[in-house]
Amino acid sequence: MDIRVDDLSSTATQSLLRLHLADMHSNSPPGQVFALDLSGLARADVTVWSAWHGDDICGIGALRQLDANSGEIKSMRTHPAYLRRAVATALLDRIIEEARARGLRLLSLETGSGPAFEPALVLYRRRGFANGEAFSDYQKSDFNQFLHLKL
């Protein structure tokens with residue numbers, strides 16, 4: 001698997017991002033989903049990585065730097081054809097590695113709640129993320145939760 005910084009210009013990356021956004025309301029109602037679209041991921045404070053198997057995109061993940069000491073994981077998504085093949089693990093490890101290289105002290109994420117999110121939660125907790133309070137501009141609801149990793 002090849003993981004690389006993604007400039008969001010490939011049709012494969014854009015297709016995976018559309019899939020990610022199209023599925024976002026299947027587990028959380030409108031107004032309760034905070035996934036970044038293409039323009040949000042193209043911001044200067046966001047770095048996007050994609051995972052590839054040959055010419056096929058396997059997954060995507062992003063790091064948004066919030067300030068000098070903290071960052072946020074955004075838009076983690078594995079292509080359905082590559083589930084259970086360690087794609088999310090590889091992307092998460094790359095994002096954590098970059099956060100540490102930047103000298104960040106805290107890495108946070110907002111994710112949904114409920115059974116559909118359990119595989120992702122298991123992955124995050126295995127990497128040391130712990131439940132915590134809302135951060136940045138997020139508001140706590142019945143449909144989301146917050147995890148934090150002290151670096």
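The values are calculated or read from the model by the stated rules, or taken from the named source; none is laboratory data. Remember, it's a predicted structure, so these values are computed and weren't measured experimentally. Every residue, glycine as well, gets a Cβ built from its backbone with ideal geometry; the counts of neighbours run over all protein chains shown.
Any idea which residue in segment 75-111 is surrounded by the fewest Cβ atoms within 10 Å (Cβ to Cβ), counting only those that are among the charged types (D, E, K, R) and closer than 11 Å to Trp49 by Cβ?
The initial filter retains those residues of segment 75-111 that are among the charged types (D, E, K, R), namely 77, 84-85, 93-94, 97-98, 100, 102, 105, 110.
If we keep only those that are closer than 11 Å to Trp49 by Cβ too, we end up with 93-94, 97-98.
On the way: Asp93: 13, Arg94: 17, Glu97: 10, Glu98: 17.
That would be Glu97.
Working only within segment 90-111, note down all residues that are more than 25 Å from Phe143 (Cβ to Cβ) and in a helix (DSSP H, G or I).
Let us first name the residues in segment 90-111 that are more than 25 Å from Phe143 (Cβ to Cβ), namely 90, 93-94, 96-105.
Listed by number, the residues that qualify are Ala90, Asp93, Arg94, Ile96, Glu97, Glu98, Ala99, Arg100, Ala101.
For residues that are out of contact with any strand residue (DSSP E or B) (no Cβ under 7 Å at 6 or more places or on another chain) and either of a type in the set (A, V, I, L, M) or more than 16 Å from Ala86 (Cβ to Cβ) (or both), tally how many sit in segment 122-141.
Number satisfying all stated conditions: 7.
Taking segment 112-146 as the search range and keeping residues that are outside any strand (DSSP E or B) and of a type in the set (S, T, N, Q), which one is surrounded by the most Cβ atoms within 10 Å (Cβ to Cβ)?
Of everything passing the filter in segment 112-146, Ser113 is surrounded by the most Cβ atoms within 10 Å (Cβ to Cβ).
Can you find, within segment 73-131, the residue that is nearest to Leu149 (Cα to Cα) among those that are in contact with a Gly (Cβ under 8 Å, 6 or more places away or on another chain), polar (S, T, N, Q) and modelled with pLDDT of 90 or more?
Once the filter is applied, the top-ranked residue is Ser108.
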